[in-house]
1. Using +1 on the beta carbon of Lys and Arg, -1 on that of Asp and Glu, and nothing else charged, what's the dipole of the stretch 18-77 about the Cα centre, debye to 20?
2. Taking amide H positions as placed in the peptide plane 1.01 Å from N, state which residues far from Val136 in sequence (5 or more) or on other chains have amide H under 5 Å from it.
3. Just for the stretch 1-94, what percent of DSSP beta bridges are antiparallel, to the closest 5?
4. How large is ³J(HN,Hα) for each residue in the stretch 169-183, as worked out from phi by the Karplus curve 6.51 cos²θ - 1.76 cosθ + 1.60 (θ = phi - 60°), to whole Hz, x for Gly and Pro?
5. Net charge around Leu102, counting only other residues with Cβ within less than 15 Å of its Cβ (Lys, Arg = +1; Asp, Glu = -1)?
6. Considering only protein heavy atoms, with the full assembly of protein chains and a 1.4 angstrom probe, order Cys110, Cys95 by accessible area, largest first.
7. Taking 8 Å as the Cα distance limit and 6 or more residues as the minimum spacing, I'd like the relative contact order of the stretch 81-198 as a percentage.
8. State whether the stretch 40-153 is rounded, prolate or oblate according to the following rule on the C-alpha gyration tensor (a ≥ b ≥ c being the square roots of its eigenvalues): a/c under 1.5 gives rounded; otherwise a/b larger than b/c gives prolate, and the remaining case gives oblate.
Amino acid sequence: MTSPVPLRPAVFLDRDGNLNEDVGYLSALSELTLYPWAIDAVRLLNRAGYLVVVVTNQGGIGRKMIRPEFVPELHAEIDRRLALGSARVDAWYYCPHHPEALVEDLRSACRCRKPETGMVDDAARDLGIDLTRSWVIGDKWADVQLGERMGGRSILVRTGWGVLEEAVRPAGQAVEAVCDSLAGAVAVVLARDGGRVG
Ligand SMILES: [Mg+2]
Ligand SMILES: [Zn+2]
């Protein structure tokens, strides 16, 4: 009998407004601007032993604002830029659905659109993640609520929609921290967990 592989903690990162500037429906590589701290932030998480997983709602696919083939192209380009700084995203997940999608197959109240947990559940199964020891970082309350629903912790960042979101905090909504950017959020994660998890 081999002993089971121990589950690892992950940091789930929202994409738009967290790793890169939120330009609305990002639909061309020329519109991609990583925040200047993004590469360092991801590398710090890599080195601390977290799996780094991006989870992004891309309802623009269902709304025909974004070509479906573009999303993997964009993620490959982000991977390439991260690699130049020795940083790595371990896996990418995106939800193409939208309740008002024009594409009929994508019009649904799906299990993956954040704050639903489909993407983190898939990642947990695919990569062996302990969701209760994991974090979500993003610029919307849906990101914070995803962390809550998966039994982990969440940080809201003030980049992207974050400042506006902070001003309309849902009643009773808890959050581990609100930080100016992903850089600060990673510092909080490392401090709370003691710096190294793997
Ligand atoms: Mg976002
Ligand atoms: Zn979905």
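1. Values: 5 positive and 7 negative charges, 37 e Å.
So the dipole magnitude of the stretch 18-77 works out to roughly 180 debye.
2. Under 5 Å from the amide H of Val136: Phe12, Arg153, Ser154, Ile155.
3. That works out to approximately 10 percent antiparallel.
4. So the Karplus estimates, Gly and Pro as x, are 5, x, 4, x, 6, 8, 7, 5, 6, 10, 10, 5, 7, 4, 4 Hz.
5. Numbers: positive: Arg63, Lys64, Arg67, Arg107; negative: Glu100, Glu104, Asp105.
The answer is +1.
6. Cys110, Cys95
7. Worked out over the stretch 81-198, it gives 15 percent.
8. Note, shape of the stretch 40-153 comes out oblate.
The values are calculated or read from the model by the stated rules, or taken from the named source; none is laboratory data. As the structure is a computational prediction, the values presented were derived from the model and not from experiment. Because the Cβ atoms are built from the backbone with ideal geometry, glycine has one as well, and the counts that use them run over all protein chains shown. Ligands, DNA and RNA are stripped out before the accessible areas are found, and what is left, the full protein with its side chains, is counted by its heavy atoms. Shrake-Rupley method; radii C 1.70, N 1.55, O 1.52, S 1.80 Å.
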